[in-house]
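The values are calculated or read from the model by the stated rules, or taken from the named source; none is laboratory data. The structure displayed is predicted, hence computed values, not measured ones. Here the Cβ positions follow ideal geometry from the backbone for every residue, glycine too, while neighbour counts run over all protein chains shown. These area figures cover heavy atoms from the full protein model, side chains too; ligands, DNA and RNA do not enter into them. Shrake-Rupley method; radii C 1.70, N 1.55, O 1.52, S 1.80 Å.
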Amino acid sequence: MSDATKAVVLGAGSWGTTLANHLAMEGHPVALWDGDGINLDRMRAERTNAKYLPGIALHRSVEVVSELSAALDGAALVTWAVPSIALREVARHARPALPVGALEACATKGLEPAAAGERPRRMSEVLAEELGERPRAMLVGPSHAEEVARGVPTSIVAAAARLEWAEQVQQAFFAPRFRVYAQDDLIGVEFASALKNVIALAAGVSDGLGYGDNTKGALLTRGLAEMSRLGIALGGRRETFYGLSGMGDLVTTAISRHSRNRRVGEELAHGKSLADALAVLGQVAEGVNTARPAQSLAAAHGVDVPITREVCALLFEGKSANDALAALLARDPKREG
């Protein structure tokens, strides 16, 4: 794909806005769309996204577009950056206008909750069900928008069922300070990038309760073991969980001041309700949407996920942060593995 070809980013949160700016700096004319028309109008007038990415100017080659069909018209690269709960609906509305042959990158992490008797869907499965199999790759990894937007060196992963699709997305986004690695363990990458958000919520709880580095080190180590157990049972490769989309993204999300999931966990530990914690955040914390689907997948495959189980109890069953941590500490001694 040449530098001058049109790119579109669907979703004008902090990450979507950052990716739009990144593609513009790499020479693409970019259309940036979102379902929040009020914020789009403000962005168009102020040439910044004060709501989600304050202090970062929109690149001159980024056009803020209100109509979905107009944004997609003539696009050679389509990047999905909407919240996981909105991805299916946006894909369904985009289908009639999606250009034939456009390359797709999906930067949305998470699992779609399932109806009774169904299984949760990965984001690539949601897109495949709505749009069919097309050249498409997931674009995930340790990459806080606030840092990428300032040019902080970052490395992420493009993963697809076909390696050539991952390599096409890699080439479209690669830059000296935005290194993209290609690989074909799509299942492992998607589960790693989704499950780490649940563990990051637990890390925030640990911070909120005032525990230290010892506790967080143990929590992240056992969380990574939990993620890999479940991910391998679901078809991922073990080594993927020790790469950028697994360990790399987990560490970043669990320790960063920018992490939405960590912050929600911290607010819960301070005694806020889930609704109040999310209101303080003002954005989506994907770990909240992923926790129950992850727990149901673990139950269906006979995988023990104690951290995820306690996060679900804290989020949805009224369990206190202290009681959730106590339940983890009270588990019987066992061998490491």
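Miscellaneous remarks
- Residue selected from the stretch 68-84 under the condition over 21 Å from Trp165 (Cα atoms), out of contact with any Ser or Thr (no Cβ under 9 Å at 6 or more places or on another chain) and part of a helix (DSSP H, G or I), by the criterion least open to solvent (accessible area, probe 1.4 Å): Ala71
- When Leu328, Leu314 are screened for being among the hydrophobic types (A, V, I, L, M, F, W, C), closer than 17 Å to Ala218 by Cβ, open to solvent by 10 Å² or more (accessible area, probe 1.4 Å) and assigned to a helix (DSSP H, G or I), only Leu328 passes.
- Selection from the stretch 120-132 of residues that are part of a loop (DSSP other than H, G, I, E, B) and either at pLDDT 95 or above or in contact with a Gly (Cβ under 6 Å, 6 or more places away or on another chain) (or both): Gly132
- The listed residue being in contact (Cβ under 8 Å) with a residue 12 or more places away in the chain and over 19 Å from Arg309 (Cα atoms), out of Gly204, Gly265, Gly212, Gly235: Gly235
- Test: Ser296 is more than 19 Å from the chain's Cα centre (by Cα), of a type in the set (Ser, Thr, Tyr), open to solvent by 40 Å² or more (accessible area, probe 1.4 Å) and over 18 Å from Ser84 (Cβ atoms): no
- Condition met for Pro120 (out of contact with any Pro (no Cβ under 7 Å at 6 or more places or on another chain) and at negative phi): no
- Checked against (1) surrounded by 24 or more Cβ atoms within 10 Å (Cβ to Cβ); (2) touching a Leu at 6+ places or on another chain (Cβ under 7 Å); (3) of a type in the set (A, V, I, L, M); (4) within 22 Å of Ala158 (Cα to Cα), Ala203 meets all criteria but (4).
- Per the conditions (1) among the small types (Gly, Ala, Ser); (2) part of a helix (DSSP H, G or I); (3) in contact (Cβ under 8 Å) with a residue 60 or more places away in the chain; (4) open to solvent by 10 Å² or more (accessible area, probe 1.4 Å), the sole criterion not satisfied by Ser143 is (2).
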